[in-house]
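Remarks on the structure that follows.
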Amino acid sequence: MRARWSGGALGLGLLALALGGCRGLRASTVPLGGTHEAEELPAKAARPAAEAASAPLVASAVPHSVEHADVGSVPGTIASDSAAPGKPAPAGAFQVKPYAAHQAWTRSFDLEFSLKVGPGGSMEMKMVSHQEARFEVLAVSGGEIDKLAIEYPVYTSKMTVMGATQDAPEELSGKRFVVTFAQGKPDVREASGGKPPKKQLDSVKDDAREPLEIEKALKELSQLTAKGRGDFSAAGAVALAGGEDEDTKVTRARASLKSISTSGHAEKLALLELGYTLTNAVDDNTTIEVEVSGPLSVLDAPSRYQTSTLQGPMEIRSSQPGGMQGRGTIKVTTSYKY
């Protein structure tokens, strides 16, 4: 999860940017989501029906390292109204299938936070951000993605300070990128073939690694579904949340499979409970910390993320006397359409 958390991610980056940290937020990094539609739109001619039927999971994120993850408990439970109706699903569900060329999906990411800073919380800041990112697998080898296209048709943010609201421009809005993987490392290019600016480059790299990391997380989920419930490993929990990198650290992570049922479409639905504590350095003296928890739903046919909502308290601290201090709340909702 970068300071630029996008889609799968919590929006610490947007907050850091709003506070003058000069780190844009990317909409991919804490978890993850998706919406099932009763009728599929017609597939592109380039995508055979057989490929569509065997399309693998797609989702968010990019854990670089997990040595900071702690599987201790994190506040938060899945609300009772999020439980899916239907009969318990049999064991053996949630098998992960390899990626195929011409697979495509769209990730929607919504972030909102409210923060009071300054002496006595005298200054109130709010931000609302919405991003839609379209992913398309251009080439595969042995089920591994060789080339991936990522487009950002929608990316808007609004910042409110002391009641005054203004648009916050997002550099990725309207842009398309092509990512080629060499030994697992993404090489990002603009649609024209040029190299993007560093801020865009870092954000797209994180999104490009997302499908690979979520594939790892869902492979662990397939093992848990055979048991019916259980806890993820520290690495699996961090992967579900979008991972961590040099900017944002996951200091505590917890993920559990709570239940499996059969949906109204005769598909198997898993409900997971997630909880994380994350920290982000705005600058050398200022740190943001958030504690978020909430549910994630995963549909099997094949395995893929559906919807996730994480929320909780946040705090900004400074090591300098008179430095910026503040408290507030943050909420991140991610969903996917395939």
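State whether the residues of the range 265-283 include one that is over 19 Å from residue 232 (Cβ atoms), assigned to a strand (DSSP E or B) and free of Cβ contacts under 8 Å to residues at least 24 places away in the same chain.
No, every residue in the range 265-283 fails to be over 19 Å from residue 232 (Cβ atoms), assigned to a strand (DSSP E or B) and free of Cβ contacts under 8 Å to residues at least 24 places away in the same chain.
Please go through the range 318-338 and pick out each residue that is in contact with a Gly (Cβ under 8 Å, 6 or more places away or on another chain) and assigned to a strand (DSSP E or B).
Across the range 318-338, the qualifying residues are 326, 327, 329, 330, 332, 333, 334, 335, 336, 337.
Quick one: residue 259 ticks every box in (1) without any contact (Cβ under 8 Å) to a residue 24 or more places away in the chain; (2) more than 18 Å from the chain's Cα centre (by Cα) except a single one, so which number is it?
The failed condition is (1).
So which residues in the range 303-317 are touching a Gly at 6+ places or on another chain (Cβ under 9 Å), surrounded by 15 or more Cβ atoms within 10 Å (Cβ to Cβ) and closer than 20 Å to residue 241 by Cβ?
304, 305, 306, 307, 308, 309, 310, 311, 312, 314, 315
Does at least one position in the range 241-259 carry a residue that is under 16 Å from residue 303 (Cα atoms), modelled with pLDDT of 95 or more and of a type outside the set (D, E, K, R)?
Looking for residues that are under 16 Å from residue 303 (Cα atoms), modelled with pLDDT of 95 or more and of a type outside the set (D, E, K, R), one finds at least one in the range 241-259, hence yes.
Quick check: is even one residue across the range 97-107 modelled with pLDDT under 90 and within 19 Å of residue 303 (Cβ to Cβ)?
For the range 97-107, residues modelled with pLDDT under 90 and within 19 Å of residue 303 (Cβ to Cβ): present.
Report, by residue number, each residue of the range 160-181 that is within 15 Å of residue 129 (Cα to Cα) and of a type in the set (D, E, K, R).
Across the range 160-181, the qualifying residues are 167, 170, 171.
With 158, 195 as the choices, which residue is without any contact (Cβ under 8 Å) to a residue 24 or more places away in the chain, in contact with a strand residue (DSSP E or B) (Cβ under 7 Å, 6 or more places away or on another chain) and of a type in the set (Lys, Arg)?
Only one candidate qualifies: 195.
Across the range 179-233, which residue is nearest to residue 296 (Cα to Cα) among those that are among the β-branched types (Val, Ile, Thr) and not in a helix (DSSP H, G or I)?
Checking each candidate, the answer is 179.
Identify all residues within the range 138-174 that are more than 15 Å from residue 108 (Cβ to Cβ) and in contact with an Asp or Glu (Cβ under 9 Å, 6 or more places away or on another chain); write none if there are none.
138, 139, 140, 148, 149, 158, 159, 160, 161, 162, 163, 174
Out of the residues in the range 130-170 that are within 19 Å of the chain's Cα centre (by Cα) and of a type in the set (Asp, Glu), which is surrounded by the most Cβ atoms within 10 Å (Cβ to Cβ)?
170
Are any residues in the range 284-317 outside any strand (DSSP E or B) and within 18 Å of residue 94 (Cα to Cα), and if so, which ones?
301, 302, 303
Quick check on my filter: what residues within the range 219-250 are surrounded by 23 or more Cβ atoms within 10 Å (Cβ to Cβ), over 20 Å from residue 291 (Cβ atoms) and not aliphatic (A, V, I, L, M)?
225
Each row is one residue, and each column tells you yes or no for (1) out of contact with any Pro (no Cβ under 9 Å at 6 or more places or on another chain); (2) surrounded by fewer than 18 Cβ atoms within 10 Å (Cβ to Cβ); (3) over 30 Å from residue 327 (Cβ atoms).
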| residue | (1), (2), (3) |
| --- | --- |
| 252 | yes, no, no |
| 262 | no, no, yes |
| 266 | yes, yes, yes |
| 274 | no, no, no |
| 287 | yes, yes, no |
| 292 | no, no, no |
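Take the conditions closer than 21 Å to residue 332 by Cβ and surrounded by fewer than 18 Cβ atoms within 10 Å (Cβ to Cβ) and apply them to residue 210. Does it pass?
Considered against the rule, which asks whether it is closer than 21 Å to residue 332 by Cβ and surrounded by fewer than 18 Cβ atoms within 10 Å (Cβ to Cβ), residue 210 comes out as no.
Looking at 190, 171, 213, can you tell me which residue is within 30 Å of residue 127 (Cα to Cα) and at pLDDT below 90?
When all the criteria are applied, what remains is 213.
Output the number of residues of the range 243-264 satisfying the condition of being closer than 19 Å to residue 217 by Cα, in a loop (DSSP other than H, G, I, E, B) and among the charged types (D, E, K, R).
2
The values are calculated or read from the model by the stated rules, or taken from the named source; none is laboratory data. As the structure is a prediction and not an experimental result, all values here were calculated from the model. Every residue, glycine among them, receives a Cβ derived from its backbone with ideal geometry; neighbour counts consider all protein chains shown.
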